[in-house]
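What follows is calculated from the coordinates using simple rules that are stated; it is not laboratory data. The structure presented is a predicted model; accordingly, all values stated were derived computationally and were not measured. Please note: Cβ atoms are built from the backbone with ideal geometry, for glycine as well, and neighbour counts cover all protein chains shown.
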Amino acid sequence: MGVAKSKKNKNKPKLNLTVREEQRNKLGQMASLEKRSVSNLIEVMADERWERLVEQQGIAYAKTVAEAMNLKLDADNPADREKLRRAILDLVAGRKMQKIT
């Protein structure tokens, strides 16, 4: 007799959306243009919106940290955010080295 494997639930949770007929038609047209189902199109659009929100929140956080560290950086610029990240890592590494010695 083999060891019984647990069955994983492969069903995704469903979200019921009520949209007006006009919106439903637009979504249907967009989905057919992209050769997707309407539900898949909505999922992709939601993912893209979430990524934009995360990026905006990251920029706001970077601005706050840069101000707290008195750094003159443009947090909207990815290269400056990288400089900020390195400055924070250097600061943390310096404090860890102080604790060790």
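Structural remarks
- Simple spin-label estimate for residue 64 and residue 49 in nanometres, 7 Å along Cα-Cβ: 2.4 nm
- Net length gained if the chain between residue 19 and residue 77 were fully extended (0.36 nm per residue, minus Cα distance): 17.1 nm
- For residue 36 and residue 87, the FRET efficiency from 1/(1 + (r/R0)^6), where r spans their Cβ atoms and R0 equals 30 Å, is about 0.10.
- Averaging the sequence gap over all C-alpha pairs within less than 8 Å and six or more residues apart, then dividing by the number of residues, gives region 21-100 a relative contact order of 14 percent.
- Intensity falloff of region 21-100 expressed as log10 I(q)/I(0), Debye formula with alpha-carbon point scatterers, at q = 0.21 Å⁻¹: -0.91
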